[in-house]
Amino acid sequence: MRLLIFGPPGAGKGTQAQFISKYYGIPHISTGDLFREHIHNDTPLGKEAKRYSETGDLVPDEVTNEMVRKRLLEKDTAKGFLLDGFPRTPAQAEALERMLPEGTSLQAVLRMIVPEAELLTRLAGRGRQDDELETIRKRLRIYRDTTRPVAEYYREKGVLVEIQGVGPIEEITRRIIDGIEEVTLNKM
Ligand code: AMP
């Protein structure tokens, strides 16, 4: 199963991604986690990524795309994968298309929907380094202006599943799995 979960910061993507990747037995590939790992290990890529993520900006597409391209070449992706936090721009979505093996594409794209006021409350309580109020606002703005259009790209391809991301965690997981089953069944 080749899946993508996307949504604004604070939507609960990471939490849900863990359940989904376990359920389908596919690796969870989070670009945010990959960048944080590089930053933690102080690699050249980490140094580059840090400049952007600290201020809430997106890391440039060429840098991000190359990191994902390499990750998708690893063997564990043979059965599929769950991307989390990538693609985040229409250009990244097009780059992803070219990275996937000939004749394959994403089978379901999950868009988590959470009201902005709820996101602000959640993010303010999270205490991550990139969660200062100014940075939070910037990340939400970038999501709205740059990332949300990615949904339209996948809607046109008929694989978009919109999930209401408020409510008990298990219930949201259920909505996601039902949504995946429905959109992939329709393709058969
Ligand atoms: P996240 O944990 O997904 O919110 O990502 C944390 C930070 O990593 C973001 O604020 C960006 O600076 C960077 N990042 C993660 N994914 C991407 C991406 N697909 N494109 C550009 N930057 C990204």
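Just so it is clear, none of the values below were taken in a lab; they were calculated from the coordinates. What you see is a predicted model, and the numbers here were worked out from it, not measured in a lab. Using ideal geometry, Cβ is built from the backbone for each residue, glycine included, and neighbour counts are taken over all protein chains shown.
More than 18 Å apart: what percent of Cα pairs in the stretch 30-79 qualify? Walk me through the numbers on the way to the answer.
Numbers: 332 of 1225 pairs.
Value for the stretch 30-79: 27 percent of Cα pairs lie more than 18 Å apart.
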Return the loop-located trypsin sites (Lys or Arg not before Pro) in the stretch 73-118 (DSSP other than H, G, I, E, B) with at most 13 other Cβ atoms within 10 Å of their own Cβ; answer none if there are none. Lys79
Can you flag which of Lys22/Lys138; Lys50/Lys138; Lys13/Lys75; Lys22/Lys47; Lys47/Lys70; Lys22/Lys50 are past 22 Å Cα-Cα? Lys22/Lys138; Lys13/Lys75; Lys22/Lys47; Lys22/Lys50
Along each principal axis, Cα extent of the chain, largest first, Å: 45, 36, 28
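Take every Cα pair under 8 Å in the stretch 2-183 that's 6+ residues apart, average their separations, divide by the length, and report that relative contact order as a whole percent. Could the numbers behind the result be given before it?
On the way: 240 pairs, mean separation 61.2, N = 182.
It rounds to 34 percent for the stretch 2-183.
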The exposure ranking of Met112, Met67, fewest beta-carbon neighbours within 10 Å first, is Met67, Met112
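Can you compute the FRET efficiency between Asp145 and Lys75 using 1/(1 + (r/R0)^6), with r the Cβ-Cβ distance and R0 = 35 Å? Round to the nearest 0.05.
Computed FRET efficiency for Asp145 and Lys75 comes out at 0.45.
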